[in-house]
Structure formats: C-alpha cells, structure tokens
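What follows is a single structure, written as structure tokens, with notes after it.
The values are calculated or read from the model by the stated rules, or taken from the named source; none is laboratory data. This structure is a prediction, so every number in the text was calculated from the model and none was measured. All Cβ positions, glycine included, derive from the backbone under ideal geometry; neighbour counts span all protein chains shown. For accessibility, only protein heavy atoms count, side chains too; no ligands or nucleic acids. Shrake-Rupley method; radii C 1.70, N 1.55, O 1.52, S 1.80 Å.
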Amino acid sequence: MRGPPAGPRVLLRRLREIMAEPISAQERLDKIVTQIAANVVAEVCSVYVLRSDGVLELYATEGLKAEAVHHAALRTGQGLVGTIAAEARPLNLPNAQSHPAYRYLPETGEEIYQSFLGVPILRAGRTLGVLVVQNRTHRTYYDEEVEALQTTAMVLAEMLAVGELERLAQPGTLLDLKRPITATGVGLCEGVGLGHVVLHEPRVVVNALIAEDVDAEGERLEEAIASLRLFVDDMLSRDDIAETGEHRDVLEAYRMFAHDRGWVRRMNEAIRNGLTAEAAVEKVQSDTRARLQRQTDPFLRDRLHDFDDLANRLLRVLMNKAHGPTEQELPRDAIIVARNMGAAELLDYGRERIRGLILEEGGPTSHVTIVARALGIASVGRVANVVSLVENGDAVIVDGLAGEVHIRPTADVEAAYAEKVRFRAKRQEQYQLLRDKPTVTLDGQRIKLLMNAGLMVDLPHLAESGAEGIGLFRTELQFMIAERMPRLGEQRAFYGSVIEAAGERPVTFRTLDIGGDKVLPYLRTAQEENPAMGWRAIRLGLDRPGLLRTQLRALLQAAAGRQLRIMLPMVTDLLEIRETRGLVDKEIAHLRRHGHETPEALLIGAMIEVPSMLWQLDDLAKLVDFVSVGSNDLHQFMTASDRGNIMVAGRFDPLSPPFLRALRQIAVSAAASGLPVTLCGEMAGSPLAAMALIGLGYRSLSMSAAAVGPVKAMTCALDAGKVTGKVQALLDDSLNNQGNSIRAALADFAVAEDIPF
Ligand code: PEP
Ligand code: MG
C-alpha cells in the first residue's frame, strides 16, 4: 500500500475512543465535531440530522453559535446543506456565498465563513443527514479531505442507525430514518400482514468500522477481492453456462465490477483513511447506491443490482457469513423484503413464520407470486426501492389488496389495520358459511370450483375452502424444494398422500413443468436466451424420458385401484400427447408385468397455454379426456409479454376483447366436442374475471384456495344468463367503445346487479 495520509486515521482512532466513552449522546456528538474540526483544521464542524418532516436540524457544532443547536434548521433542497441532502453528493466550495443555493442562517453566525465542505451522511444509499466543515478563509479542500469527511460520516450514520441520536430529537419530531413511509406497488396476493422486516439478502452488519492495523486491512481486502474474482471466473468457465444469455450477461457485469479499478481504488482509499476492509466496502457501496439510485434508466438500475450483489458477496467473504437468515433468526411475524426472489427461495422459509412478502419486482403471475398465493402470504410487488427504505426488524404492514406497504406505521395506521384484519376474519367466516353449499348461480347453473395446489401445506385448504377437488396440482413445486431429484419411492409416497388427503375429491396431477423460471438447483440445464419459450415442461420431459417415466410410474403406482388424472403442460404439438401416451402405456405394461395394481381409470388431459393449440382444438379433443386452460402462459404468449418481467407483466389486461375471444373459442369448441374444460390460471381466482369466464361458458374453474370463498360468493349472486348476454355483447358489439378492456363495464354490471367482486 502507498504511504497513507495519517490525519484521517488518527481522527478515526480518536473517534473510536469517543464512541467507547460512557457519556451522553449529545456529549459524544459534541466531542466528535470538535475532533473533526481540529483534525481538518477547520473553524467549524457541524452535524445536521434529517428529520421525518424533511427538515435538517443542527444537532451539534464546533464553531457556530451553541444556542443554534437543535434550533437552526433547513428544508431538504434548501441552502447548501439541503442541496447536499437532496442530491446525496458532497459540495466543496472555496467561496460558499457565491453559490446560488447559499442561504445564511442568522442564528448560527456563519456569515463570516467563506469556504465550505459538506458531505451526506449515508446508509445503504439513503441520506440521513449532512456533515459540514467551514473555514474563514478561501480554501479548497483536498480530495483526501473530502474522502476523510465521508469516512467520518459513516461513523455518524452508524450512530444514527443504532438509534443513539433518537433520544436527542425534540419532542414530537422523528428522525427520517424512523419516518413512517407508505409505499405503493401492485397487490400480488390478497390479505393483510402485520409484522417485522426480514431482508431476504440482509445487509451484512458491519460492527467494526475503524481499523486497528491499516496494512492488515488492506491485505484482507486484497485477499477477499482475489477470492471474489476467482468465484466469478469460475462461474463463467462452467460449461453449463452457455455462450450467451441473460445469466452470462449478469456474470460478465460482475466480472467487470470485480476488476473495476475505480471500485478497488475507492475501497483502498477508505482503508487508508482508517476504515476496516468491510467498512470500506460498505462505504463505497453506499456512495455508489446513492449515485445510481437516482437513475431512471432501467439498464443502469440493473447494474446497481449487480453491483449490490457483488458488494454483498464481498462483505460475506470478509465476514465469513452465510447467506440469508437462519430459521432461528426469523421472527414469528416475518415480512420478507427482497428485490426479487425465486419460488424455491420463498419456499425455503418456514411458512409458519411468514406474514407477508414485499418485492421491488415481481409480476402478478410470476412463479414466486403463485407460490406466495398458494401459501396465502399477503404480498405486494413493484415497490420501488423498498430494500433501501427498511432495516431488518422494522415494523411493517403489507396490504395485498390495496397494493400498499406501510413501513414503520404510526399507531393509528396500525390500529386501522388491526381492524381490517378483524373485518377480513369476519368475511372469512361468511365464506365458511357458504362452504358446504353447492355453487349454483341464481339461474341454476352449477359451477365447479376447484383449487390449485402443489405442496403438502396446501392440502388442508381443500376441506377448509370447500373446493370440489384439485384442478391443478403443480408437481414441480415439490421438486423445487428438494435438495436433490426425488426418487421414485419418494414421489410415489408423496402423490399417495396427496390422493389420500383429497379422499373422494379428484386431483389433476400436472407432469413436471420445469424450465423457464422454475429451476431445479440439482438439474443442470443450459442457460437459455428465452427460457419461458425454451426447453421446459413436456418438451424437457420427452427429451429426458427417464425423468418423465419415473414420474409417470410413481403416479400410476400411487393411484393403484383408483382414478388417476394426468395433465401435460405446454403442449404445442399433438405429437407430444401421442408420445406421452406411448410412455404411459409402457409404464402400465411394466407395472402389470411385475404384478402391480394399476389405476382403476386413467384420464389424460392437456393444458391449453400455447396459442398454437387454438387451431387444433378439434383434433385435440380426439386425443385427450379433458383440457385445462393455462391462462397465465396463454396470455403471456398471445400478448408477447413476459409474465415475470415487471416492465410488461400487467401491461395488457386479460379482460381484453382479443384474449376473451380466444378463451370463448376454446369453451365453445370444447362444448361442441363434449370435452370437459377447466381454466386454472390466476384469472380464475379473481371474482370479476371469473364472472367474465362464466359469461364465456366456463363451468369449471381452478384457483388458489383463498380465492374459492370470494369466487363462490360472486357466483351465488350471479345470473349466468345475464352475464353471458353482457359479455357476449361487449365482445361482439363492434361499435362499442370499450377500448382494450371490458373490466370497467363488467364492474359496472356487477355493481348494478349487486354482485360482490
Ligand atoms: C398457467 O400457465 O396458466 C398455469 C396454470 O400454469 P403455470 O402458472 O404453472 O405456468
Ligand atoms: Mg403455465
């Protein structure tokens, strides 16, 4: 390491001593500003803390009038201090008074000072306050001094984060760090969750900020970076990572950052100024976050995510930390907060302790959402920057219906939600009363309501919800939570217990729909450019017949002597059904040969979720016993909009005339050939969309367990004849001016007819 300037290090060492002294928070802060002023040879050093009302209050000063402390205040964006807070960037001014934002605070007596250097006090990219030094004479502060002040600001950020300065707040004011925030996103799974934040990728808490031995810290950083680079290079050289593809792009970006000289230089600088290696990583990460967070360009924002990932990884290397909280660390009322996560990662948390889920990304039909819905976890997605707005352990409320998140809620908001929870419980009781009644419309149409499932935890919901069976059993979920490929015996036992738990009610098992965003960590597949349209579902099953045959054998054995319903996902070409039938026949022959009992009846069905199916419905009817419309995928493919990409998921309404006409065509064709048809995509679980589906002719719908009650309440208040007339008129009236969705017109209809939706 190059000869380090001693000043900042001496200062940090001194600060460490001050931090350890048994004195009050105000005394500590006063001592800190005195030390900084002496060290930087400035006449003034002041700390401004950002309050929840957007005001920066003077908390301590050396040099300005003492009576101004806790009185002098500026709004964010006002004056030099307010500008630094708003822009999260230092200001280094030899002649402060000539700056257009300069504003003089008479109570401080600061008019005699010419030069000014201020830096934001940052934590995870968020501004918590401003640290300023001033001198009487014109002087430019050196880069090293700016850097030293930023380093010192970290110590103050830590004091703020641990709550030490809260006690100094004036009665009735709150620090910004503790400010209640209401953030709006998109409701992904209904329900209200009250609990405490658990960051999915927790910021590693750096406790030791100040270095004992600067050279040793430099070496630690060097070693950690070397190991990080090795890791990235290793990932890139793995042969299961294809030449191109999104995953590779991300890794390339990682490599770029890992070798970024600017990044490494800034961290080394922070160490030379007296920080530990981990504190240096955190400081540079926070500065970068503050800079990139203001970017609206999605590409640059993605780079911020890459950068965050890498910095977190580096912190973990330095601190020997494993990933994620352990089960014991999880509070009993955890609200998981993440940028995004895979379905399997959500399943890794114990369901019992999770009250809610908040994502910065996450689309309404992405698989993590489906799993959250299956587990009945109140969820909100697309909450911008939420990861930066919370700290582990913060109180938070998730309102999945309104799509709102209340971070650190005030007592009255909390009380209002507690009331809401009671009200929901009451409504659930009303659904319970409906549970054992048949689902019949006012004009006597029987509607079959089934539920979607995939895990053992879903099964008690069958009886609780009153669903008539399982219309879609996503077998891949069990594979996704397993450490390794489940063996034949394990699969057989699992399917057997599902059938057992369902009793008389039918279960439709869908064969593995892996690929796309449903990855099995133990199954090596090549990275693909377009995984949703790639090697997934039945395509993968037919190319890897060993995998599919094992599953078919397990299902056939589990259903021995009973009815077995098997459904094939992502069918695109009828040949795929013929080939699968061939495999099923082979398995049945195999079982018979070995004296095993086979199912008493076997029904094979296909999902309709690829648009090509629409033009072979008649032929399809000759090959299968039933069909089920996977509206999630069908909609994504018909509108060419990735269901997992927040930029486009939700952009096109499934209640649009073209999509509904396609669904009508399926219902009409199935009815003409006497083919039983169900719809099992997420829209079946929305009472308004379910109403439209009944209007299109659907009489069987499969949905998440929690949706059965509300959809049943809607159905029992509906006149199927009337809604059919309404929907047909809206779709067929070429003069109607409904634009691209009939949602509003249907909602008006429901209100006029007094139908709950
Ligand atoms: C669908 O695509 O609508 C469907 C039900 O399947 P999945 O959501 O599992 O892809
Ligand atoms: Mg699908």
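For the stretch 9-178, with only Lys/Arg (+1) and Asp/Glu (-1) charged at the beta-carbon, what is the dipole magnitude about the Cα centre, in debye rounded to 20?
Numbers: 17 positive and 21 negative charges, 46 e Å.
In debye, rounded to 20, the stretch 9-178 gives about 220.
Taking only the alpha carbons of the stretch 392-471, we obtain Rg and Dmax values of 17.4, 53 Å in that order.
Pairing the Cα long axis of helix 214-237 with the longest principal axis of the chain, what angle in degrees results, from 0 to 90 and rounded to the nearest 10? Tilt relative to the chain: about 20 degrees.
Per residue of the chain, the DSSP helices (runs of n ≥ 4 H) give a summed -39500 (n - 2.57) that works out to -14000 deg cm²/dmol at 222 nm.
Accessible area of Cys189 (1.4 Å probe, protein heavy atoms only, ligands and nucleic acids ignored): about 10 Å². Derived scalar couplings between HN and Hα for the stretch 740-753 equal 9, 8, 9, 4, 5, 5, 5, 5, 4, 4, 4, 4, 4, 8 Hz in order, rounded to whole Hz, by the Karplus curve 6.51 cos²θ - 1.76 cosθ + 1.60 (θ = phi - 60°), x for Gly and Pro. Rolled with a 1.4 Å probe across the full set of protein chains, the surface gives Arg474 an accessible area near 20 Å². Across the options Leu165, Tyr59, Val711, the greatest Cα extent toward the positive end of the charge dipole of the chain (unit charges at beta carbon of Lys, Arg, Asp, Glu) belongs to Val711. Taking every C-alpha pair closer than 8 Å and separated by at least 6 residues, the mean separation divided by the residue count of the stretch 494-546 gives a relative contact order of 37 percent. With the charge dipole of the stretch 375-433 set up from +1 on Lys and Arg Cβ and -1 on Asp and Glu Cβ about the Cα centre, the Cα lying farthest toward the positive end among the listed residues Phe423, Asn385, Ala395 is that of Phe423. Residues Arg581, Arg272, Arg524, sorted by accessible area with the largest first, give Arg524, Arg581, Arg272 [1.4 Å probe; ligands and nucleic acids excluded]. Determine how large the accessible area of Lys178 is when every protein chain is in place; take a 1.4 Å probe and give Å² rounded to the nearest 10. Ignoring ligands and nucleic acids, Lys178 comes out at about 60 Å². Heavy-atom surface analysis with a 1.4 Å probe gives the stretch 666-757 a carbon and sulfur content of 56 percent of its accessible area.
Using alpha carbons only, how many degrees (0 to 90, rounded to 10) separate the axis of helix 143-161 from the longest principal axis of the chain? Here the helix axis deviates by roughly 60 degrees. As a calculated quantity, the FRET efficiency between Arg544 and Ala66 at R0 = 60 Å, using C-beta atoms, amounts to about 0.20. When the charge dipole of the chain is built from unit charges on Cβ atoms (+1 for Lys and Arg, -1 for Asp and Glu) and taken about the Cα centre, the candidate among Gln97, Leu575, Thr525 whose Cα reaches farthest toward its positive end is Leu575. Treating each Cα of the stretch 424-497 as one equal point scatterer and applying the Debye formula with no solvent, the log10 of I(q)/I(0) at q = 0.28 Å⁻¹ comes out as -1.30. Computed about the Cα centre, the dipole magnitude for the stretch 404-457 is approximately 240 debye when only Lys and Arg (+1) and Asp and Glu (-1) carry charge, each at its Cβ.
Stretched out straight at 0.36 nm per residue, the stretch from Arg13 to Asp585 would grow longer than its current Cα-Cα span by 198.2 nm. Give the average over all directions of the projected area of the C-alpha convex hull of the chain, one decimal, in nm². Computing the convex hull of the Cα atoms and averaging its projections yields 36.4 nm². Note down the magnitude of the dipole of the stretch 609-702 about its Cα centre, charges +1 on Lys and Arg C-beta and -1 on Asp and Glu C-beta and zero elsewhere, to the nearest 20 debye. That gives the stretch 609-702 a dipole magnitude of about 220 debye. For the stretch 611-701, the pair-distance distribution built from all alpha carbon pairs, in bins 10 Å wide starting at 0, is 16, 51, 28, 4 percent. A simple rule links phi to the HN-Hα coupling: the Karplus curve 6.51 cos²θ - 1.76 cosθ + 1.60 with θ = phi - 60°, which for the stretch 490-496 gives 5, 5, 4, 5, 5, 4, x Hz, with x for Gly and Pro.
Does anyone have the angle between helix 261-272 and the longest principal axis of the chain? Alpha-carbon axes, 0 to 90°, nearest 10? On a 0 to 90 degree scale, this one is about 50. The coefficient of translational diffusion for the stretch 9-178, derived via Stokes-Einstein from the alpha carbon Kirkwood radius under 4 °C and 1.567 mPa s, stands at 83 µm²/s.
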